[in-house]
1. List the residues, sorted by chain then number, that are 5 or more residues from V99 or on another chain and whose placed amide H is less than 5 Å from its amide H.
2. Calculated FRET efficiency, W148 and L122, Cβ-Cβ r, R0 22 Å, to nearest 0.05?
3. Using Cα-Cα distances under 8 Å and only pairs 6 or more residues apart, what relative contact order does the chain have, in percent?
4. How many nm is it between the label spots at E140 and F70, if each spot is 7 Å from the Cα in line with the beta carbon?
5. For the range 1-47, compute Rg over Rh where Rg is the Cα radius of gyration and Rh is the Kirkwood radius from the inverse mean 1/r over Cα pairs.
6. Can you tally the lysine pairs in the chain where the Cα-Cα distance is under 21 Å and the two residues are eight or more apart, or on different chains?
7. First select every other residue whose beta carbon is under 13 angstrom from the beta carbon of V106; then total the charges, Lys and Arg +1, Asp and Glu -1.
8. What order, most packed first, do the peptides 110-118, 97-105 have when packing is the mean number of other Cβ atoms within 10 Å of each residue?
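What follows is calculated from the coordinates using simple rules that are stated; it is not laboratory data. Predicted, not measured: the structure shown is a model, and the values here were computed from it. We place every Cβ from the backbone using ideal geometry, glycine too, and count neighbours over all the protein chains shown.
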Amino acid sequence: MERERKFILEAIELSRKGMMNNHGGPFGCIVVKGNEIVGKGNNQVTSSNDPTAHAEIVAIRDACRNLATFQLEDCEIYTSCEPCPMCMGAIYWARPKKVFYANTRVDAANIGFDDSLIYDELVLPLDQRKIAIECIGRDEAIKVFEEWDKKSDKINY
């Protein structure tokens, strides 16, 4: 566990540096392949005016750019806090082999980063959610999906 401890401490230090530099909230993340850090990120939501610039998203983008791939199958993610639902979605799309985290989502909620609304909303039917969601234009959009399905040179992911 000494290896894993070294990497989680690196993610925690990124969270501190990002916070102290006023990049955003106190969150840091690294992506590791073998024994090498291939991606780094800290929360940059407020400094970039981007609500998706969470540490995990920034680190995944950095790792994918550095490795020239859109999948991180042979990698591990070390993050200073349990990933939120958006970051978990990105993590599943990236397909790392394991995720390590330090603080819990309860710890995050205790300092004002509460994701419970999102968790609660995701299980509700669309017509009962706080943000209205309505399906329109499906007849036209489904044609593009049908084209994709028949496309011979597509790259599946």
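1. I77
2. Given R0 = 22 Å and the Cβ-Cβ separation, E is 0.30.
3. 16
4. Inter-label distance under the simple model: 2.4 nm.
5. Answer for the range 1-47: 1.03.
6. 12
7. -3
8. Taking the mean over residues of other Cβ atoms within 10 Å, the ranking is 97-105, 110-118.
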